[in-house]
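Right, one structure below, let's go through it.
The values are calculated or read from the model by the stated rules, or taken from the named source; none is laboratory data. Computed from a predicted model, the values in this text were never measured in an experiment. Here the Cβ positions follow ideal geometry from the backbone for every residue, glycine too, while neighbour counts run over all protein chains shown.
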Amino acid sequence: MKNLFSNIKGDIFGGITAGIVALPLALAFGVSSGLGPSAGLYGAIFISFFAALFGGTSTQISGPTAPMTAVSMVVIAGLIAANDGDVSKALPAILTVFLLAGLFQIGLGLIGLGKYIRYIPYPVVSGFMTAIGLIILLTQVLPSVGYYPKDDVEFVSKFNAQAQQVILENILKDEVGDGVLVIDNFKETITTAQKTTSKDIEKEAQILATKETSGALGAIKAIPRALQNIDWLELLLALGTIFIIYGFKRITTKVPSTLVALVVMSGIAVAFGLEYRTIQEIPSGIPSIKWEIFTGFSLNSITPYIFTALTLALLGAIDSLLTSVVADNMTTTKHKPNNELVGQGIGNSIAALFGGIPGAGATIRTVVNINAGGKTKLSGMIAGVMLLIVMLGLGPIASKIPAAVLAGILITVGIGVMDYKGLKAIPSLPRDIKIGPLKLSSEVLIMMVVMLLSTFWNLVYAVGIGLIIASLMFMKKIGDLTAERSDVKSLKEEEWSDEKEFPSILKEEVFIKHIKGPLFFGSTSDFQALYQQIPNTAKIVIMRLGRMQYMDQSGLYAMEDMLLDLKTKNVEVLFVDLLKQPRYMMERIDIIPDFIPKEHIFKSFDACTNWIKQNRKNTN
């Protein structure tokens, strides 16, 4: 506790400043997620406070971030669609997924995985971050021009026929479940269908229209129609916000330009009595626990999202620990990665219980905190309390913020979150792979695959595919390097120093094979090709294994295949200087002694040569 209050003045300034910076972003991310501004505020309040209290980075400021919000959007949109477009029905499942993500993070910290996050390849992270930026940019084009598909009567009417089909399918599903759908009682089904009103059809059509235009791909499809239906006031509010955010930074960076833009543009809209679209109303009371997480729990509804929850946990871990490294560099301290994951997990879990969206360590807010004087965990806790006070005192005022202003803020976030360092490096990266006539950089290929799949398909699967491709590329490179260093040649082509005295009369029937480096899945194909070079004149094969430090299961079976093949040709195989790990592997599946008797394993080449002289006669 002494350390916690060792820098009270600096921590108060740092926490308040970071909280002010977090406010507009929390509101914007909440709106972008689909759960509303209050969800963003709740996330910022609880994650900031509890991640600071239990985390392993003293100056870290946590809350909703662009990557976490982008993945959360996928979860929220999917579960809302699965619940007939009803947010209240979908909310228990949504928050359960977020709670799981927090619990997964705690688990990752407890089992000590924090230190392994750094092994995620840079091209995967780069492609993902650029995709996040693109998703935010594309999805904010529609609100920035004041176009909302569900309010476009002409567009919504195109989905009326499909809406009726969906309503009928839902009636049939319900009645199958209730046991009503039988031929004798089919009249009851017709009666139920006839009760469907035009408002029911319109509501379902609005849901379908929103679903059709959701995500980056849906936004692209809707852009032509949005440009034909521009609300010029909304566009001016968004452009004004963007202009102030970038312009005010040129004047001073001491005051957050995002907050200035929010206050100025909202003030103009309210003062002049403009007719603009506001964000959803922000509750002014103290947040309460969403008990429906437990009372409305359904395993079937969240099962498809368990992997997504794990992805959220991993993404939050990467996001937070990268920010921790930045904080370390600025403060010359050393964070505790596993403690940080536990703290982030606790913060996300508690935020989910109160209806908040998940978050992570936020780089900009952390940097602001440090520059303003924050040095201990107290600064992050104060940032959370600051946001709670703002929500309680200014909730009704904040509810008047124009939606277009938050869209403008998010557009600048989307532009800022893209990895320009990685994009600029594309022309200079070595083209180390060939696909048909094209020579490409493997790093660029991974980055582009992750970026495109994340933007237009699925964030979760894109990262998984990126990791698989990166792993395969790495394995190939290691295999190639191992193959380059591994020599398997006849004695006539190369002699090691202790082989020079080997009797020349035996050289036609004794073949010496050198294996340098590990025999593993990346080098087995080369190993198989090389052992096929053994001439038909060979009666004995000497395998020099002193430099084969490691053998995996793939290498083990490649060795077994070779020994089996040589045994059918009546060729004896002798091992020289077999190391501990490969010997253990071969003993486990009885290569030793079934194929290689222990008397055929020698500690030195001289001992092997003496055995050959004693046991083999020259057949020439």
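So, Thr295, is that one farther than 28 Å from Thr366 by Cβ, exposed (fewer than 15 other Cβ atoms within 10 Å of the Cβ) and either outside the structural domain of Leu25 (by TED's automatic domain parsing) or modelled with pLDDT under 90 (or both) or not?
When the stated conditions are applied, Thr295 passes them.
Name the single residue that is nearest to Pro256 (Cα to Cα) among those in segment 380-424 being of a type outside the set (A, V, I, L, M, F, W, C) and not in a helix (DSSP H, G or I).
Across segment 380-424, the extreme among qualifying residues is Pro402.
Rundown of residues vs (1) in contact with a helix residue (DSSP H, G or I) (Cβ under 6 Å, 6 or more places away or on another chain); (2) modelled with pLDDT under 80, yes/no style:
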position	(1), (2)
Val510	no, no
His514	no, no
Phe520	yes, yes
Thr524	yes, yes
Ile534	no, yes
Lys539	no, no
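Filter segment 95-124 down to residues that are farther than 9 Å from Gly345 by Cα, among the small types (Gly, Ala, Ser) and surrounded by 15 or more Cβ atoms within 10 Å (Cβ to Cβ), then give me how many there are.
Number satisfying all stated conditions: 1.
Please determine whether any residue of segment 304-321 is in contact with a helix residue (DSSP H, G or I) (Cβ under 9 Å, 6 or more places away or on another chain), at pLDDT 90 or above and assigned to a loop (DSSP other than H, G, I, E, B).
The answer is no; no qualifying residue exists.
Of a type in the set (Asp, Glu) and either modelled with pLDDT under 75 or in contact with a helix residue (DSSP H, G or I) (Cβ under 6 Å, 6 or more places away or on another chain) (or both): does that describe Glu495?
Yes: the conditions hold for Glu495.
Which number in (1) under 24 Å from Asp84 (Cβ atoms); (2) modelled with pLDDT under 80 marks the one condition that Ile183 misses?
(1)
For residues that are surrounded by fewer than 24 Cβ atoms within 10 Å (Cβ to Cβ) and more than 21 Å from Ala70 (Cα to Cα), tally how many sit in segment 347-370.
Residues in segment 347-370 being surrounded by fewer than 24 Cβ atoms within 10 Å (Cβ to Cβ) and more than 21 Å from Ala70 (Cα to Cα): 3 in total.
Every residue in segment 16-59 that is more than 21 Å from Ala261 (Cα to Cα), surrounded by fewer than 24 Cβ atoms within 10 Å (Cβ to Cβ) and not aromatic (Phe, Trp, Tyr), please.
Gly34, Leu53, Gly56
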